[in-house]
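Enquirer: Before I ask anything, let me first share the structure, which is written out below as structure tokens.
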Amino acid sequence: MGQMVEFFRPDGSKCKGYLAIAGKDRPGIVVIQEWWGLNDQICGVADRFARAGYNALAPDLYKGRVTTKPDEANHMMTGLDFGGACGQDIRGATMDLKKGGQKVAVMGFCMGGALTVLASVHVPEVSVGVCFYGIPPKEYADPATINIPFQGHFANQDDWCTPALVNDLEGSLKKGAVKHELYRYNAKHAFFNERSEAYDLASATQSWDRMAGFLKTHLG
């Protein structure tokens, strides 16, 4: 359904991304990749958003690199300039979708979930944030300072984005009086990824339905 395109970053340079179009004057969704890169799974999520009535753009944060190997994925994630990814690539994608004046949400999984929190704090053009099992260090972005509607989806059997970290996130959101919804699932990390051994159909379906309702309320 979608295709690779180029869009401008705030610094004037270009970034590539996968764009799936629902139609003119539709709200936008910036879809942020997992640590694997901009792969078929993430492009498929963008396509799914387009079928649901949103224009979706997934920026290619790794500049064409994709892997299926955890060690290589960790290496690429560790080498990513998170500040630049958020302030340039993700913000540029948000601004591109917002050209017609429509509201834009940002959402992502794992590494993309952590970047969703960053964008919810640091990208002023974002209207809504939806995070799947990813939390950045608080020194990068304090969730208490989020001033947009925020929804989070987390796994109880997660040894990376642990229940303890989720508790801390929830505490920060409440401390900052952030308008939020936070859900926990009896599943493992990456439960939404159809290509993962951790994929859990019930959790994936329930989280999508909750997200769809949240986006309809806050984006239209």
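None of the figures in this text is laboratory data; all of them are computed from the coordinates on show. It should be emphasised that the depicted structure is a prediction, and the values quoted were computed from it without experimental measurement. Every residue, glycine among them, receives a Cβ derived from its backbone with ideal geometry; neighbour counts consider all protein chains shown.
Enquirer: For segment 155-186, which positions are more than 19 Å from Leu115 (Cα to Cα) and of a type in the set (Ser, Thr, Tyr)?
Expert: Listed by number, the list holds a single entry, Tyr185.
Enquirer: Restricting to segment 73-102, name every residue that is of a type in the set (Lys, Arg) and buried (at least 17 other Cβ atoms within 10 Å of the Cβ).
Expert: Scanning segment 73-102 gives Arg91, Lys98.
Enquirer: Here's another thing I want to ask about it. Taking segment 173-220 on its own, how many of its residues are polar (S, T, N, Q), surrounded by 20 or more Cβ atoms within 10 Å (Cβ to Cβ) and in contact with a Pro (Cβ under 9 Å, 6 or more places away or on another chain)?
Expert: Going through segment 173-220, the residues polar (S, T, N, Q) turn out to be 186, 193, 196, 203, 205-207, 217.
Applying the additional criterion that residues be surrounded by 20 or more Cβ atoms within 10 Å (Cβ to Cβ) yields 193, 203, 207.
Checking which are in contact with a Pro (Cβ under 9 Å, 6 or more places away or on another chain) leaves us with none.
Adding up the residues that qualify gives 0.
Enquirer: Right, something else. If we keep just the residues of segment 81-106 that are part of a helix (DSSP H, G or I) and polar (S, T, N, Q), which is farthest from the chain's Cα centre (by Cα)?
Expert: Only one residue fits best here, namely Gln88.
Enquirer: Under the condition of being of a type in the set (Gly, Ala, Ser) and touching a helix residue (DSSP H, G or I) at 6+ places or on another chain (Cβ under 9 Å), which residue from segment 1-17 is surrounded by the fewest Cβ atoms within 10 Å (Cβ to Cβ)?
Expert: Ser13
Enquirer: Identify the residue in segment 18-50 that is in contact with a helix residue (DSSP H, G or I) (Cβ under 6 Å, 6 or more places away or on another chain) and outside any loop (DSSP other than H, G, I, E, B) and, among all such residues, is surrounded by the most Cβ atoms within 10 Å (Cβ to Cβ).
Expert: Among those residues, the one meeting the criterion is Val30.
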